[in-house]
């Protein structure tokens with residue numbers, strides 16, 4: 001049993017980029033699918049697909065690389081952890097590398113990027129930063 005499934009997802013993606021894999025499989029949940037949707041929307045992954053194998057659902061994340069075969073994602077870090085949740089107001093959402101990266105938040109209106117949350121005027125829990 002995993003204590004932090006989101007951290008496990010981010011670690012699997014980070015390790016797959018480091019090993020230059022084309023895809024990685026992750027056990028599915030609603031919030032993980034939303035994180036994958038945001039990563040696809042922002043251009044950090046090529047695609048994702050939710051597959052059902054028996055009773056288990058998995059997310060197949062297809063990774064994206066630069067033309068010189070270097071990873072698009074250079075850094076993924078979990079901000080909120082099990083023992084220390086990080087919440088922020090809409091006017092205090094931090095920018096990642098001056099706007100070059102994104103942060104993913106879970107808000108009362110769903111999972112969204114920091115930029116979308118600022119535009120919507122909602123704060124929430126900062127899940128991760130991606131560069």
Need the C-alpha centroid separation for segment 60-125 versus segment 1-48, integer Å. 13
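Pull out a ≥ b ≥ c, the square roots of the eigenvalues of the alpha-carbon gyration tensor of segment 81-131, then state rounded if a/c is under 1.5, prolate if not and a/b is larger than b/c, and oblate in the remaining case.
Oblate shape, in that a/c is at least 1.5 and b/c is the bigger or equal ratio.
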Rounded to the nearest 10, the angle in degrees between the Cα long axis of helix 30-41 and the longest principal axis of the Cα atoms of the chain comes to 90
Below 8 Å, C-alpha to C-alpha, sequence gap of six or more: please give me the relative contact order for segment 5-130 in percent. 22
Within a Gaussian network of the chain (alpha carbon springs, distance under 10 Å), most fluctuating of 80, 108, 29: 108
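Nearest 500 deg cm²/dmol is fine: what mean residue ellipticity at 222 nm does the chain get from its DSSP H runs of n ≥ 4 alone, each adding -39,500 (n - 2.57), divided by its residue count? Present the calculation step by step, with values, prior to reporting the outcome.
Working: 3 runs with 33 residues, N = 131.
Per the formula, -7500 deg cm²/dmol.
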How would segment 29-131 be classified by its alpha-carbon gyration tensor: rounded, prolate or oblate, with rounded meaning a/c under 1.5 and the a/b versus b/c comparison settling the rest? oblate
Between 0 and 90°, nearest 10: helix 5-18 axis offset from the chain longest Cα axis: 60
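Values in this text are rule-based calculations from the coordinates and carry no lab data. Note that the coordinates shown come from a computational prediction; the quantities given were computed from them, not determined experimentally.
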